[in-house]
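Heads up: the structure comes next, in structure tokens.
The values are calculated or read from the model by the stated rules, or taken from the named source; none is laboratory data. Predicted model, so just to flag it, every value in this text is computed and none were measured. Quick reminder, even Gly has a Cβ in these numbers, built from the backbone with ideal geometry, and neighbours come from all protein chains shown.
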Amino acid sequence: MERESLLCILVMLLGGLALQPFVGWPPTVAAELPAAELERRSWRRLWYPIVPALLVAAGLCGWALRAPDPVRDPLDPWVLLAAWLPFGLIFARAAARGAWSLLRRPIDCGVSTVGLIRPQVVFSPFLARQLEEGVIRAALAHERAHELHRDPLRIWLAQLVTDLQWPWPWAARRLEIWLEALELARDDQARAAGADGADLAAAVLGSVRYLERIAASPGTRLTGTQLAHARLIGDAIALRKRVSRLLAPLPQRPRAAPAGLGRLRRAGLLLVPLLLVALVLGAVYGEHVVRPLLGMTS
């Protein structure tokens, strides 16, 4: 078997097994946190469960660096079956949904931010004609905050990570919490840049009414795979809470807020050395793990 094919099979099997004990990571965060900090913590919690799977994949890549190509030893059929059922199907489903969210025909959401690499704001002229000038400026400020943080790419990655944890409901709940926190954080950022909260609330409600009319059109479906772009409106269930928050005074930015970003960067800096260590360990000791697993003789 070709080395790369065997590597994919092992990543699906061992990575899928490493993922399962952590999919039940608590999906809740402290709701009283400032929106920016809530968004950062929710984003980290999306990724925590898959860290063990990433370390396993790095170790297997280290093994593959020293493995012969092709691997001539026979592969136990049970290993192949265990890799594809169910983990291979889950990986294939996640990849298909990720590709479909990019290739599907765009839906007119009124105002949204699109583009994974170079995000840009798209504003429907049909919606713009229904809104006042101040409301349009507020909506654009919100979407420019999405554009600044490359949120379409982050939404696409978050959906991919969530799909890798299917069918466990906790992963979907973590995604919902983050998407809600994301909209609150971008609301605060837009208001801090000068947007009026009442105008932004009017833009949100106007977008909801516009999207309801779009959804009522024949052949339009807004549910299912997450769209790979950031919209002005988020979870409809949280709409009342969000509008009430926009009509209230802008929360004061806490002095300790930058520490959250510092912790996020430290977490990323910690993950890179761990992946390198796993890569080296896989190169040194990977053969001792892979050969017994595949039923190979020593």
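Observations on the structure shown:
- Considering segment 246-255, the residues that are farther than 11 Å from L184 by Cα and modelled with pLDDT of 85 or more include one that is surrounded by the most Cβ atoms within 10 Å (Cβ to Cβ), namely L247.
- Segment 267-298, subset more than 17 Å from A58 (Cα to Cα) and surrounded by 11 or more Cβ atoms within 10 Å (Cβ to Cβ), residue modelled with the lowest pLDDT: M296
- Contact map, segment 138-165: residues that are at positive phi paired with residues that are part of a loop (DSSP other than H, G, I, E, B), Cβ distance under 8 Å, separation 6+ or inter-chain. Pairs shown: R150/L116; R150/P119.
- Single condition R3 does not satisfy, out of (1) in contact (Cβ under 8 Å) with a residue 60 or more places away in the chain; (2) within 21 Å of the chain's Cα centre (by Cα): (2)
- The criterion of at least 1 residues that are under 27 Å from the mean Cα position of the chain (by Cα) and without any contact (Cβ under 8 Å) to a residue 40 or more places away in the chain is met by the following helices (runs of 4 or more DSSP H) wholly inside segment 27-134: 51-66, 89-103.
- Condition met for L10 (at pLDDT below 90 and surrounded by 21 or more Cβ atoms within 10 Å (Cβ to Cβ)): yes
- Checklist (1) at pLDDT below 90; (2) in a helix (DSSP H, G or I); (3) not aromatic (F, W, Y) applied to M1, failing item: (2)
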